[in-house]
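Asks: One structure coming up, written as structure tokens, with questions to follow.
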Amino acid sequence: MPDFGTLAVDAAGAPAVGPGGTQPGALTPATHPPGNCGSSGAGQLAVLPPALHPTSPPIAIWQLLQVEESPWGPFRLASIRVGARAATKSRSFLVNAFVDNPRAGAALRESWGFPCIEADVRLRVGHDRISGWASVAGAGCFDVELEDPTPIASGSVYYAPSMNLARTPRGTKLLQVDPEYLVKTVARGGAQVRHRPGAVDDRLAPTWPISATFATVDITLPAIRFVCDPDLPAAQGTENVTQTDS
Amino acid sequence: MKFGIVFEVSVPRPFRPGVEKMVVDNCIEQAVLADQLGFDQVWAVEHHFLEEISHCSAPEMLLAAIAMRTEQIRLGLGIAVCVPQFSHPARIAERAAMLDVLSGGRAEIGTGRSATWTELGGFAADPDETKKTWDEYVRAIPRMWTQPTYSHQGRSFSMPERAIVPKPLQDPHPPLWVAVTSPGTEVDAADRGLGCLGLVVGGMKRQEKTIATYRRRIQLCDPVGSFVNEQVNTVNFMYCHEDPAHAMKRGAELSDHFNYLAPQQLFVKEIYPTQSYATDGLFSALRQESTSSGDSMKIPDGIAIGDPESLIRSLKQWESIGVDRVVFILNSVETIPQAEVLDSLRLFAREVMPAFGHPPVAGSVPTSADEVA
């Protein structure tokens with residue numbers, strides 16, 4: 001049996017998701033540059049809840065999302081995710097989220113369990129490089145850069161559904177957020193990721209940049225369909241909530 | 001139809017001292033028995049860095065040990081990863097030739113390019129290049145075996161004129177295969193006159209289409225070797241027991257463990273988008289399942305798990321769509337006790353293989369009772 005995460009789940013800091021489920025939200029068009037990096041295996045285990053396995057090898061995904069249209073107006077979201085498996089299924093566990101629009105932050109927090117904090121999130125798109133960064137109260141948290149973007153087929157890119165820790169009427173749960181992506185363009189290039197020690201979880205310090213992509217996509221955030229007990233293996237602790245919540 | 005076995009060398013956690021030796025010893029014992037029972041081939045995979053699911057990073061050494069203890073069974077090396085960061089092609093040619101010499105001409109060589117970032121990233125290989133390097137390797141290796149000396153100026157490797165020795169014992173050289181997991185690779189196999197080593201477990205409908213394409217296309221091939229190896233070899237699980245309920249229970253444990261461990265690796269498409277690793281069989285299955293809640297796994301049609309009669313039915317189906325050989329995964333992380341694995345092999349040889357034209361097993365094969373005594 002593969003290793004499980006060892007995070008002592010503390011619900012206190014997790015977003016509270018209201019009763020009554022969520023309604024889909026369309027985010028269009030959006031640009032989506034993630035940088036993929038290796039990170040230390042021990043660090044990955046320590047930030048994952050016991051429901052999830054780490055990927056082999058461990059990876060962290062440093063991601064920026066710039067949304068031109070949404071129910072809450074335009075916004076930018078920076079996030080840090082850890083590659084994971086819920087039993088055999090590909091997932092990413094959302095560790096940090098920074099958003100520059102308070103309305104969007106509240107919606108993402110209350111409907112989908114994104115642990116959003118207000119931040120300054122920027123994206124600069126060039127032909128030679130694409131850069132993005134997040135800072136809180138003037139202090140940089142992390143920045144990502146894609147160097148030498150080269151177009152690739154839109155079907156080549158894959159985004160794993162996200163697992164977000166949240167307090168729900170059912171108790172503390174991992175919410176499975178599996179957005180629908182309509183990918184229009186994708187470019188791939190070299191990745192550079194830097195983080196400011198202490199600003200984000202140092203256990204995820206990037207050690208080995210793998211790739212960076214820049215995609216133009218339409219994203220639809222779905223209603224939550226599955227939740228999972230963070231302390232039980234996902235194969236045992238997953239519930240379908242579409243039949244019972246409305 | 002010919003039958004064989006394949007070793008992933010999957011090792012259960014915790015990785016206590018001696019546990020890998022226990023697994024390897026069990027593999028060798030299975031191979032020795034398979035040889036005595038009339039199985040045709042034993043394959044050993046090449047994987048790197050895949051904890052639990054495969055600790056078989058030096059398959060030629062495992063096969064050499066098996067070669068020294070067996071007489072008839074053919075030895076499948078592979079797939080050998082044809083990527084420069086893993087191995088220079090001359091090293092693959094040398095190792096395969098030495099295995100052929102050691103075994104008295106029983107080697108077969110599978111080729112491929114790896115599908116996981118776990119492995120490719122571990123060697124800092126470029127996923128965009130692996131199809132091209134594989135192509136260069138499969139054209140080079142037969143010439144390394146058959147020419148007195150070899151030199152090459154190429155894309156993925158270059159070398160001045162050298163004698164690559166030893167030469168294989170088989171004349172002109174061992175059969176060459178390629179792993180076929182991504183759609184379209186069957187065409188690559190056919191165009192080059194290579195055997196089609198279908199690694200997708202199950203999926204009979206898809207395999208039928210793949211085989212038909214392969215058979216049609218190979219008629220027009222430009223072989224990379226000295227002969228055309230038109231054969232289709234698929235991989236399957238196998239657990240055979242007289243009691244169908246027990247067989248299903250044990251077989252489900254085997255396939256469930258394997259299917260649970262395989263997706264824990266990081267696939268190229270997840271982390272390094274490239275057309276060179278477009279959606280393939282294993283990964284698309286993973287992706288398809290990734291948005292569902294996790295239904296319990298079932299044993300699909302065509303899997304060789306059950307009593308002898310049901311195995312004959314399943315394998316006859318494979319035979320009817322053009323499969324020449326089936327190689328079986330017998331265990332995963334030692335889920336099934338070794339004695340039961342050996343009994344399953346014996347029962348398969350006694351009850352199933354004769355239905356495919358294999359002669360009855362000779363009476364001198366040791367039984368589990370002999371082992372206890």
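The values are calculated or read from the model by the stated rules, or taken from the named source; none is laboratory data. None of these values were measured; they are calculated from a predicted model. Don't worry about glycine lacking a Cβ; one is built from the backbone with ideal geometry, like all the others, and counts go over all protein chains shown. Ligands, DNA and RNA are excluded from the accessible area calculation, which covers all protein heavy atoms including side chains. Shrake-Rupley method; radii C 1.70, N 1.55, O 1.52, S 1.80 Å.
Asks: If the requirement is being touching a strand residue (DSSP E or B) at 6+ places or on another chain (Cβ under 6 Å) and at pLDDT 95 or above, which of these qualifies: A:V99, A:V82, A:V95?
Replies: A:V99
Asks: For the range B:20-51, give me each residue that is under 17 Å from B:G110 (Cα atoms) and either open to solvent by 10 Å² or more (accessible area, probe 1.4 Å) or among the hydroxyl-bearing types (S, T, Y) (or both).
Replies: Those that are under 17 Å from B:G110 (Cα atoms) and either open to solvent by 10 Å² or more (accessible area, probe 1.4 Å) or among the hydroxyl-bearing types (S, T, Y) (or both): B:D40, B:V45, B:E46, B:H47, B:H48.
Asks: Going through A:F114, A:F142 one at a time, which residue ends up being away from chain B (no Cβ under 14 Å), more than 16 Å from A:S211 (Cα to Cα) and within 14 Å of the chain's Cα centre (by Cα)?
Replies: That would be A:F114, the only listed residue that is away from chain B (no Cβ under 14 Å), more than 16 Å from A:S211 (Cα to Cα) and within 14 Å of the chain's Cα centre (by Cα).
Asks: Quick one: A:I61 ticks every box in (1) open to solvent by less than 10 Å² (accessible area, probe 1.4 Å); (2) in a strand (DSSP E or B); (3) within 14 Å of chain B (Cβ to nearest Cβ) bar one, so which box is it?
Replies: (1) is the only condition that A:I61 fails.
Asks: Another question, then. Every residue in the range A:73-87 that is within 14 Å of chain B (Cβ to nearest Cβ), crowded, with 24+ Cβ neighbours inside 10 Å and either outside any strand (DSSP E or B) or touching a helix residue (DSSP H, G or I) at 6+ places or on another chain (Cβ under 7 Å) (or both), please.
Replies: Those that are within 14 Å of chain B (Cβ to nearest Cβ), crowded, with 24+ Cβ neighbours inside 10 Å and either outside any strand (DSSP E or B) or touching a helix residue (DSSP H, G or I) at 6+ places or on another chain (Cβ under 7 Å) (or both): A:V82, A:R85, A:A86.
Asks: May I ask you to say which residue of B:L347, B:L342 is touching a strand residue (DSSP E or B) at 6+ places or on another chain (Cβ under 9 Å) and either at pLDDT 95 or above or away from chain A (no Cβ under 14 Å) (or both)?
Replies: B:L347
Asks: Listed residues A:V227, A:V183, A:V157; which is open to solvent by 30 Å² or more (accessible area, probe 1.4 Å), of a type in the set (A, V, I, L, M, F, W, C) and within 11 Å of chain B (Cβ to nearest Cβ)?
Replies: The unique qualifying residue is A:V183.
Asks: Related question: Go through the range B:52-84 and count every residue that is of a type in the set (S, T, Y), more than 25 Å from B:G38 (Cβ to Cβ) and buried (at least 17 other Cβ atoms within 10 Å of the Cβ).
Replies: 1
Asks: May I ask you to list the residues in the range A:161-180 that are within 30 Å of A:L146 (Cβ to Cβ) and within 14 Å of chain B (Cβ to nearest Cβ)?
Replies: A:P161, A:S162, A:M163, A:L174, A:L175, A:Q176, A:V177, A:D178, A:P179, A:E180
Asks: OK, next. Which condition from (1) within 13 Å of chain B (Cβ to nearest Cβ); (2) of a type in the set (K, R); (3) in contact with a Pro (Cβ under 8 Å, 6 or more places away or on another chain); (4) open to solvent by 70 Å² or more (accessible area, probe 1.4 Å) is the one that A:R188 breaks?
Replies: (4)
Asks: Any idea which of B:E108, B:E136, B:E119 is buried (at least 23 other Cβ atoms within 10 Å of the Cβ), in contact with a Gly (Cβ under 6 Å, 6 or more places away or on another chain), of a type in the set (D, E, K, R) and in contact (Cβ under 8 Å) with a residue 24 or more places away in the chain?
Replies: B:E108
Asks: Going through the range B:1-19 one residue at a time, which ones are more than 19 Å from B:H47 (Cα to Cα) and open to solvent by less than 10 Å² (accessible area, probe 1.4 Å)?
Replies: Once the filter is applied, which keeps residues that are more than 19 Å from B:H47 (Cα to Cα) and open to solvent by less than 10 Å² (accessible area, probe 1.4 Å), the range B:1-19 yields B:F3, B:G4.
Asks: So A:G5 ticks every box in (1) at pLDDT 80 or above; (2) more than 14 Å from chain B (Cβ to nearest Cβ) but one. Which box is left unticked?
Replies: (2)
Asks: Another question about this same structure. I'm trying to understand the selection: among the residues of the range A:88-132, which are of a type in the set (V, I, T), within 23 Å of A:D201 (Cβ to Cβ) and open to solvent by 10 Å² or more (accessible area, probe 1.4 Å)?
Replies: A:V95, A:I117
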